[in-house]
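Each remark here refers to the structure printed beneath this line.
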Amino acid sequence: MKAITPYDRRSFLGAGALTLLAAALNPLQGLAATGKRLSTTSDNNRLPAPSPVFKDIKQVKAGVLDVGYAEVGPANGQPVILLHGWPYTIHAFAAAAQQLAIQGYRVLVPHLRGHGTTRFLAAQTPRNGQQGAIAADVIAFMDALNIKTAVIGGFDWGARTACIVAAVWPERCKALVSVSGYLIGSQQANKAPLPPAAELSWWYQFYFATERGQQGYQQHTADFAKLIWQTASPSWKFDDATFAASVKELEANPDHVAIVIHNYRWRLGLADGERQYDTLEQKLAVFPVITVPSITLEGDNNGAPHPAPAAYAGKFAGKYVHHTITGGIGHNLPQEAPEAFAAAIVEAAHMA
């Protein structure tokens, strides 16, 4: 095992460093040994120490954004790009990124538009949260850092974005790790009504479709985020410090509410996208297959809306493995089970 170098220590705060060192011995071995249902060693019913967080944040101008991002690991290591979801932030990957850095990977974790220190370069740029715009941000981010190809992983919004990059720009994605599988969507598909129980799970999407919802999210961002964390991961007993580290990244971004509201209204066809993404959205509307080596992950206690693994297995036409992570793991799998997530990244890199 490689020793933690100075760049690793400077990049993190938190009480988990010794645990991370112990867990990083050989996460890939755990995947190979246990098959497709993987048990985590953490006890989600016990209040843990605060999760580690990224301390040093860099900025790079990429496309229409000035992107804030964390970077750990050797500069000449295999690039890994990790993409967070909503209402989460880059800190969801702090523990997993540390484990990957120890193993020699160059890990980059950008704040998505509307999150953290990422800012729009021009005031007149539309605050657009459609899936195509967020995916284009990732390609611009890679171009700005001269990264030709990377292993890309994510959950929630980040998993959707990672799937889009893998499907449309396979030459830029060496391998994919997607929590909750194939999440590419389309406005046309979203017009179809769901059974009542499924519609109920999307209550916030309909709330955001109203002006009351926009004002409510603006006024109660922290309370809203905590409710989603609790319902999406019902067994995850996160502490106040862990939540505070992420929610401040949401509240401090001046574009956060606008991006979130537009994202969900766009999905329902209640808000228009930008014409420059029309061709991309047309490609996505036919649900393209993903040909790069891929691993999908699912927690056994995901309280958020998510498809069953059998429903999307056919969308992966290349080397493909699915793992269900047991132990009460919910929607925020990278933060709840960082060892399993990091192991999946390593496994995907080896598949490629």
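Only the coordinates and a few stated rules stand behind these numbers; no lab work does. Not measured: the values here are computed from a predicted model. Here the Cβ positions follow ideal geometry from the backbone for every residue, glycine too, while neighbour counts run over all protein chains shown.
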Residues residue 212 and residue 282, FRET efficiency given R0 of 30 Å [Cβ-Cβ distance, rounded to 0.05] | 0.35
For the chain, modelled as a Gaussian network with Cα springs under 10 Å, which listed residue fluctuates most, 72, 80, 289?
-> 289
Taking Cα pairs under 8 Å and at least six residues apart, what relative contact order does the chain come out at, in percent?
-> 25
Which of (i) 10; (ii) 19; (iii) 13 is the computed percent of Cα pairs over 37 Å apart for the structure on display?
-> (i)
Each label point is 7 Å from the Cα along the Cα-to-Cβ direction; what then is the distance between the points at residue 244 and residue 146, in nm?
-> 4.1
The distance between the Cα centres of segment 326-352 and segment 192-253, in whole Å, is 23
Just grab the label-to-label distance for residue 231 and residue 311, each label 7 Å out from Cα along the Cβ direction, in nm (one decimal).
-> 1.8
Can you give the calculated 222 nm mean residue ellipticity of the chain, where each DSSP H run of n ≥ 4 adds -39,500 (n - 2.57) and the sum is split over every residue, rounded to the nearest 500 deg cm²/dmol?
-> -11500 deg cm²/dmol
Would you mind calculating the gained length between residue 58 and residue 270 on full extension (0.36 nm times residue separation, minus the Cα-Cα distance), in nm to one decimal?
-> 72.8 nm
Among beta bridges that DSSP assigns inside segment 6-351, antiparallel share in %, nearest 5 | 35
